[in-house]
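The block underneath contains the structure these notes are about, expressed in structure tokens.
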Amino acid sequence: QVELVESGGGLVQAGGSLRLSCAASGRIFSTYGMGWFRQAPGKEREFVAAIGWSGDITYYADSVKGRSTISRDTAKVTVDLQMNSLKPEDTAIYYCAAARRGIVVIASGYDYWGQGTQVTVSS
């Protein structure tokens, strides 16, 4: 059983920064791709960022590119999302996910999901 637990969400003013963290436990392998998605009220879940098993390959949604950085630790059991220059439209629940097949940019490609952490950006 794989468990993903997100942390680091909160309330921040526009222009501020947050660092989200995802801790993985259970039978999760370092070869898994990891990703972050978000879902705002009334909207579908959307891709934010993804990172391959080695950490060398990353993908970002256009909406966060240049403002966010995804990283994973050397033990491959945590993945972080540093978000800068936050905007009110970044407000959403952010989810961490793990994919057995490696780096994936669509939600259906992920096998495990966390419960999410709320990010609220005030204007």
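Each residue of the chain gets 89 Å³ once the volume of the Cα convex hull is shared out per residue. Once C-alpha pairs closer than 8 Å and six or more residues apart are averaged by separation and normalised to the residue number of the chain, the relative contact order reads 36 percent. Excluding ligands, DNA and RNA, the accessible surface per residue across the chain is 52 Å² with a 1.4 Å probe.
Of all DSSP beta bridges confined to the chain, the antiparallel ones make up roughly 90%.
For the stretch 67-94 and the stretch 17-32, write down the distance between their C-alpha centroids in whole Å. Centre-to-centre (Cα) distance: 11 Å.
Measuring nothing but protein heavy atoms, the accessible surface of the stretch 26-66 at 1.4 Å probe radius is 49 percent carbon and sulfur. Given a Förster distance of 25 Å, report the FRET efficiency between R45 and V2 from their Cβ-Cβ distance, rounded to the nearest 0.05. Computed FRET efficiency for R45 and V2: 0.85.
The values are calculated or read from the model by the stated rules, or taken from the named source; none is laboratory data. All values reported here derive from a predicted model rather than from experimental measurement. Note that each Cβ is placed from the backbone with ideal geometry, even for glycine, and that neighbours are counted across all protein chains shown. With ligands, DNA and RNA removed, areas are computed over all heavy atoms of the protein, side chains included. Shrake-Rupley method; radii C 1.70, N 1.55, O 1.52, S 1.80 Å.
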